[in-house]
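**Student:** Take this structure, written in structure tokens, and hold onto it; I'll ask about it next.
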Amino acid sequence: VAEVVEPKALPRLREGLKFEAVDFSYGDEPVLRGLEVDLPKGTKLGVVGESGAGKSTLVSLLLRFYDPTEGRITLDGVDIREASIESLRGQMALVSQEIVIFNQSVADNIACGKLDATREEIIAAAKAANAHEFIEGLPEGYDTRLGEQGTRLSGGQQQRVAIARALANDPAIVWGDELTGNLDSTNSAEIMELLTRLNKEQHQTFVIVTHSEEVGALADRIVRMNDGVIVDDGSRGDDY
Ligand code: ADP
């Protein structure tokens with residue numbers, strides 16, 4: 001997608017995010033149809049649906065890898081097509097189940113969310129992500145090398161490093177795509193508790209995409225998708 005000639009620099013999210021009557025298709029088949037999602041700032045939204053329902057497509061549109069074929073997506077009422085891509089993507093963080101850990105120190109692995117992060121900022125992000133304690137316990141603390149030639153972290157520890165990385169950039173919106181998918185139930189519960197706390201303390205807006213009802217139940221509100229449409233939106237309390 002291209003930017004408009006004079007893109008607006010979006011300020012940090014103040015009110016909320018909306019999908020307004022969004023239709024989308026990658027080709028001939030419609031993938032999203034008439035999608036309406038109203039997400040006031042600070043909400044922890046669960047998006048639940050089977051594989052192929054269109055959940056990942058939502059984030060592709062929000063990040064403007066594609067534009068809707070009909071309808072629009074707004075941040076504080078501004079159509080994201082009017083915004084600069086930098087100011088749009090700069091306030092979002094994506095955390096998925098596919099975690100990339102680089103062959104670098106823990107500190108560098110966290111700082112790649114914000115290249116000029118100071119050690120204090122890195123530690124603050126790690127604390128917020130419940131990672132500080134286990135990092136301090138590693139042989140060389142924050143300087144411990146990770147990855148193939150370094151220390152191997154457990155799945156839950158890797159996910160907390162990935163969350164610290166996302167938080168280092170102080171995002172307004174955190175989009176978690178099946179982020180507990182590879183974790184056992186104990187680690188999964190811990191990550192969900194962590195998100196609940198972050199959402200309370202930092203008023204970040206969370207979207208938790210999942211096929212797990214258990215994970216979805218921890219959200220403030222659940223939107224259920226099936227085959228490109230919303231079949232239930234907890235804010236409306238009805239089926240339609
Ligand atoms: P979910 O995240 O709920 O599993 P997706 O958004 O990934 O669903 O996919 C929704 C539909 O769009 C599926 O039918 C999928 O095959 C199709 N799809 C997803 N990505 C692409 C793509 N890049 N090109 C063509 N079709 C796609």
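Quick note: the coordinates plus some simple rules give every number you see, no bench work behind them. What you see is a predicted model; the values in this text were computed from it and never measured. In this analysis, Cβ positions are derived from the backbone assuming ideal geometry, glycine residues included, and neighbour counts consider all displayed protein chains.
**Student:** How are the Cα pair distances of the stretch 157-207 distributed, in percent, across 5 Å bins from 0?
**Tutor:** 5, 19, 34, 28, 12, 3
**Student:** Rg to Rh for the stretch 1-85: what is it, with Cα atoms only and Rh by Kirkwood? Don't skip to the end; give the middle numbers.
**Tutor:** Working: Rg = 13.0 Å, Rh = 13.5 Å.
My calculation of the ratio gives 0.96.
**Student:** Counting only GluC sites (Glu not before Pro) that sit in a DSSP loop (anything but H, G, I, E, B) with at most 15 other Cβ atoms within 10 Å, what is the longest stretch of the chain containing none of them?
**Tutor:** It runs 149-240.
**Student:** Treating only the Cβ atoms of Lys and Arg (+1) and Asp and Glu (-1) as charged, compute the dipole magnitude of the chain about its Cα centre; round to the nearest 20 debye.
**Tutor:** About 580 debye.
**Student:** Can I ask one more? Please compute the Kirkwood hydrodynamic radius of the stretch 58-162 from all pairs of different C-alpha atoms, in Å with one decimal.
**Tutor:** Taking every pair of different Cα atoms in the stretch 58-162, averaging 1/r and inverting gives 15.7 Å.
**Student:** Counting only residues 5 or more places away or on other chains, whose amide H sits under 5 Å from the amide H of Val31 once H atoms are built in the peptide plane?
**Tutor:** Residues meeting the amide H criterion: Phe24, Ser25, Tyr26.
**Student:** If the only charges are +1 at each Lys and Arg Cβ and -1 at each Asp and Glu Cβ, what is the size of the charge dipole of the stretch 39-143 around the Cα centre, to the nearest 20 debye?
**Tutor:** Details: 10 positive and 16 negative charges, 83 e Å.
That gives the stretch 39-143 a dipole magnitude of about 400 debye.
**Student:** For the stretch 88-240, max minus min Cα coordinate along each principal axis, in Å, sorted largest first?
**Tutor:** Sorted largest first, the three principal extents are 55, 31, 25 Å.
**Student:** Please turn the phi angles of the stretch 86-95 into ³J(HN,Hα) values with the Karplus equation 6.51 cos²θ - 1.76 cosθ + 1.60 (θ = phi - 60°), one per residue in order, whole Hz, x for glycine and proline.
**Tutor:** After applying 6.51 cos²θ - 1.76 cosθ + 1.60, I find 5, 6, 7, 5, x, 9, 10, 10, 10, 10 Hz.
**Student:** Return the calculated 222 nm mean residue ellipticity for the chain, to the nearest 500 deg cm²/dmol, obtained by summing -39500 (n - 2.57) across DSSP H runs with n ≥ 4 and dividing by the residue count.
**Tutor:** -8000 deg cm²/dmol
**Student:** Based only on the alpha carbon positions, what is the Kirkwood hydrodynamic radius of the stretch 174-240, in angstrom?
**Tutor:** Evaluated on the stretch 174-240, it is 12.8 Å.
**Student:** What residues qualify as long-range amide H neighbours of Gly181, i.e. H under 5 Å apart, gap of 5 or more or another chain, H built at 1.01 Å from N?
**Tutor:** For Gly181, whose amide H was placed from the backbone, there are no distant partners under 5 Å.
**Student:** Also, I was wondering about something else. Please go through the stretch 1-110 and write out the chymotrypsin sites (Phe, Trp or Tyr not before Pro) that DSSP classes as loop and that have at most 11 other C-beta atoms within 10 Å.
**Tutor:** Tyr26, Phe65
**Student:** While we're here: Which value, in debye to the nearest 20, describes the size of the charge dipole of the stretch 84-129 about its Cα centre when Lys and Arg Cβ atoms bear +1, Asp and Glu Cβ atoms bear -1, and nothing else is charged?
**Tutor:** 100 debye
**Student:** Now for a different question. For the stretch 13-56, report the translational diffusion coefficient in µm²/s to the nearest whole number, using Stokes-Einstein at 4 °C, 1.567 mPa s, and a Kirkwood Rh over Cα pairs.
**Tutor:** Calculated translational D: 108 µm²/s.
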